[in-house]
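Notes follow the structure.
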Amino acid sequence: MAKRPILIAPDPRLKEVAKDVPKVDADIRRLADDMLETMYAAEGIGLAATQLGVPLRVVVIDVAQKEDKFEPMVFINPKIVWASDEKAVFQEGCLSVPDIWDDVERPIAIKCEYLDRDGKPQTLEAEGLLADCLQHEIDHLNGTLFIDHLSRLKRAMAIKKLTKAKKRENA
Ligand code: NI
């Protein structure tokens, strides 16, 4: 396993639509393991391959680690096949959007079909934080950031802040 650098917005690679994984092989398992290591090191609860500049539909999540448990989950080619009409608001942040948090409203429960780390088809019914996190990560695979769900003004302010921070870093 190896930690990899996380792309920071604004970056055109974060806007790319990722492609389906054609076959779950050793390379994909290595990618998923690297993603988990990168996510844990950054103290995140989810990460999409897009955030490492890899345009493939792979997501890792662990929403249990906050309680000192480790429940790494790997989702390959995840697809939301059902979403509740009922919505919930979560305050979201993102490893690619540092130092910005805001409320995002999404369906409170979803049903997701995906391939696991062994390439086996699985179906997961999720609600609450896990459902929110999965929707946030699947958004990444479609080139969407959580700030894209905010009002135009809030999004513009966030991008300004990120661009400034990047300039400072490169100066
Ligand atoms: Ni994110």
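The values are calculated or read from the model by the stated rules, or taken from the named source; none is laboratory data. All values derive from a computational prediction rather than experimental measurement. Positions of Cβ are backbone-derived with ideal geometry, glycine not excepted, and every protein chain shown enters the neighbour counts.
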Exercise. Only one residue in Ile6, Ile110 is assigned to a strand (DSSP E or B), among the β-branched types (Val, Ile, Thr) and either at pLDDT 95 or above or in contact with a Cys (Cβ under 6 Å, 6 or more places away or on another chain) (or both). Which one?
Worked result: Ile110
Problem set entry | Within segment 123-139, tally of residues that are surrounded by fewer than 19 Cβ atoms within 10 Å (Cβ to Cβ) and either within 15 Å of the ligand (Cβ to nearest atom) or of a type in the set (Val, Ile, Thr) (or both) | 2
Problem set entry | So Glu86, is it exposed (fewer than 15 other Cβ atoms within 10 Å of the Cβ), acidic (Asp, Glu) and under 23 Å from Asp118 (Cβ atoms) | no
Problem set entry | Counted residues, segment 140-171 - those being surrounded by fewer than 20 Cβ atoms within 10 Å (Cβ to Cβ) and part of a helix (DSSP H, G or I) | 19
Seminar exercise, completed: Residue pairs qualifying under the 9 Å Cβ cut-off, at least six apart or on distinct chains, with the first in segment 86-101 being within 12 Å of the ligand (Cβ to nearest atom) and the second being among the polar types (S, T, N, Q) and in a strand (DSSP E or B), are Trp101/Gln91
Problem set entry | Single match in Glu37, Glu71 (criterion: more than 16 Å from the ligand (Cβ to nearest atom) and within 18 Å of Glu127 (Cβ to Cβ)) | Glu71
For this session: For segment 102-120, name all the residues that are in contact with a Leu (Cβ under 6 Å, 6 or more places away or on another chain) and either surrounded by fewer than 11 Cβ atoms within 10 Å (Cβ to Cβ) or without any contact (Cβ under 8 Å) to a residue 40 or more places away in the chain (or both).
Result: Cys112
